[in-house]
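Please treat every number below as a calculation from the coordinates, not as lab data. From a predicted model like this one, the values you see are computed outputs, not experimental measurements. Note that we place each Cβ from the backbone using ideal geometry, even for glycine, and neighbour counts take in every protein chain shown.
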Amino acid sequence: MTRSFTARHRRLTGLRLTAQRIGAASAVPDPVPVAVADADADADAEATAGVADTVRRMLALQAQDAAGVLWSVALRTPGCTTAHVESAIASGAVVRSWPMRGTLHLVPPEDLGWMLSLTAARITRGTETRRRDLGIGTADIERAREVAHSELGGGRTLTRDALLAAFDRAGVSPSGQRGYHLLAHLGMTQTIVFAAPEGKQQTFALLEEWVPSPRRLEREEALGEFALRFFTGHGPATVRDFAWWSSLTLTDARLGLAVARDRLDELVVDDTPYYLAPGAEEAPGGVHVLPGFDEYLLGYQDRSAPLADRPLELVAPGKNGLFLSSVVVDGEVVGTWRRTLGARGVTVEVQPFSPLGATTTRRLDAALERYAAFLGRELIRSA
């Protein structure tokens, strides 16, 4: 196994940085006073709209880490702060749900329905055993669905706790992990979706009311749209990457690629075909600090290129699906980092895989300053 960052690695990662627009937000503005913010309402509206554009280009960004996905979006959105991403979520310009792999993602609201129509049946079949172990039967799910329609109809929203309490009153116990599985199943089967948070509390709405104008696509058209959006926003990637990412069977992934093929370019690396947006050029590189579940690593079944063939355990040490935040230098993952939030500052500890040079360290400091500015906090580097 080579540990060197080869021309093959650099070619793939350079094009992926471009496709994912990582570094598009080269500077994050400092938080502004309320009086100035009122005067800059147009700029704020533009930045919030930019959040929706970023999510639309990516189609989906993994979002089980609610704080991490805010930074994932901001990395790709010029002029973006925490408030802009939160505003886009609260307004419904982007939505959070379980469209793929049974995992939470941010997606464009108009696309969620057709995505779930392709993925939900397979995902929910895969969770049957766990639901059975929890004692959740079909009658429980359908009773919970009735309660959701009753409690949320008419444009109402409820916090997670309030909705689970309504299930309980109706005789469907949400104890232990039952509540999460009930909510996820109702989300995947197009009944509920996350709505505007109430403070730090999650809320839910009926999908048909929160997203009143979904796109309607026939199955083959939807498969082609899925493929086109994945390879445009993530390419170069393989058809197996797409099948893994999307939760589609390999047969359906290949059909989707066939439908979209004339709108994509092909790049062959080591006799393996990769697909990407036409005319894509490699990004110039840069130093980036990515959250743990960023699409740059999580968006592919094969993560060997950004890791330069290093073992995945360096960024996912527990082998439990949890990923550490990563430091990326010119496309290569060269270390991990962790943060500790204080009242006014954010303390960051960086753990490189090998010593970083002085120039790289200066570039890393600048990337961390941008992250601190995004949070509206002072950067404190851990010794």
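With no solvent and one point per C-alpha, what does the Debye sum give as log10 I(q)/I(0) for the chain at q = 0.09, 0.13 Å⁻¹?
Here the Debye-derived log intensity ratios amount to -0.55, -1.14.
May I ask for the Rg/Rh ratio of segment 107-216, computed from Cα atoms with Rh as the Kirkwood radius, given to two decimals?
0.95
Working from Cα positions, state the angle (0 to 90°, nearest 10) between the long axis of helix 250-260 and the longest principal axis of the chain.
70 degrees
Pop out the ³J(HN,Hα) list for segment 194-203 in order, Karplus 6.51 cos²θ - 1.76 cosθ + 1.60 with θ = phi - 60°, rounded to Hz; leave Gly and Pro as x.
Once θ is set to phi - 60°, the couplings for segment 194-203 become 5, 10, 5, x, 10, x, 9, 8, 5, 10 Hz.
Quick check: the angle from helix 178-188's long axis to the longest principal axis of the chain, C-alpha only, nearest 10 degrees?
80 degrees
Quote to one decimal, in nm, the extra length available between residue 216 and residue 139 on full extension: 0.36 nm per residue of separation minus the C-alpha distance between them.
Stretched fully, the residue 216-residue 139 segment lengthens by 24.8 nm.
Please build a GNM for the chain, connecting alpha carbons under 10 Å apart, and tell me which residue among 316, 93, 19 fluctuates the most.
316
Please check which bits of segment 305-330 a label hung off residue 240 would reach, taking the label as a point 7 Å along Cα-to-C-beta and the cut-off as backbone N under 14 Å.
Answer for this model: 305.
Determine, from the Cβ-Cβ distance of residue 159 and residue 45 and an R0 of 35 Å, the FRET efficiency 1/(1 + (r/R0)^6), rounded to the nearest 0.05.
0.80
Would you mind working out the magnitude of the charge dipole of the chain relative to its Cα centre, with +1 at each Lys and Arg C-beta and -1 at each Asp and Glu C-beta, to the nearest 20 Debye?
It works out to roughly 1000 debye.
Each residue of segment 77-84 in turn: what ³J(HN,Hα) in whole Hz from Karplus with 6.51, -1.76, 1.60 and θ = phi - 60°, glycine and Pro shown as x?
10, x, x, 9, 10, 3, 4, 5
So if I place +1 on the C-beta of Lys and Arg and -1 on the C-beta of Asp and Glu, and nothing else carries charge, what would the dipole magnitude of segment 156-315 be about its Cα centre? I want it in debye, nearest 20.
About 780 debye.
Explain nothing, just the number: dipole magnitude of segment 234-373 about its Cα centre with +1 on each Lys and Arg Cβ and -1 on each Asp and Glu Cβ, in debye rounded to the nearest 20.
640 debye
Report the one residue of 201, 134, 19 whose Cα lies farthest in the direction of the positive end of the charge dipole of the chain (charges on C-beta: Lys and Arg +1, Asp and Glu -1; origin at the Cα centre).
134
Okay, helix-only estimate at 222 nm for the chain: each DSSP H run of n ≥ 4 adds -39500 (n - 2.57), divide by all residues, round to 500 deg cm²/dmol; what do you get?
Calculated from helices alone, the mean residue ellipticity at 222 nm is -14000 deg cm²/dmol.
Work out how much length residue 129 to residue 64 would gain on full extension: take 0.36 nm times their residue separation and subtract the Cα-Cα distance, in nm to one decimal.
Length difference between fully extended and current span is 21.2 nm.
Would you mind classifying segment 193-345 by shape? Square roots of the alpha carbon gyration tensor eigenvalues, ordered a ≥ b ≥ c; an a/c under 1.5 is rounded, otherwise it is prolate if a/b is larger than b/c and oblate if not.
Verdict is oblate for segment 193-345.
Going toward the positive end of the dipole of segment 225-383, with +1 on Lys and Arg Cβ and -1 on Asp and Glu Cβ, which of 341, 327, 236 do you reach last?
The Cα lying farthest towards the positive end belongs to 341.
Please report, largest first and rounded to whole Å, the three semi-axes of the ellipsoid equivalent to segment 286-381, where each semi-axis is the square root of five times an eigenvalue of the C-alpha gyration tensor.
Taking √(5λ) for each eigenvalue gives 23, 16, 11 Å, largest first.
Just to verify a number: FRET efficiency for residue 201 and residue 314, C-beta to C-beta distance, R0 = 45 Å, to 0.05?
Here the calculated transfer efficiency is 0.80.
For segment 91-106, take each phi angle, set θ = phi - 60°, evaluate the Karplus expression 6.51 cos²θ - 1.76 cosθ + 1.60, and give the result in whole Hz per residue in order, putting x for glycine and proline.
7, x, 5, 9, 10, 10, 7, 10, x, 8, 6, x, 10, 5, 9, 8
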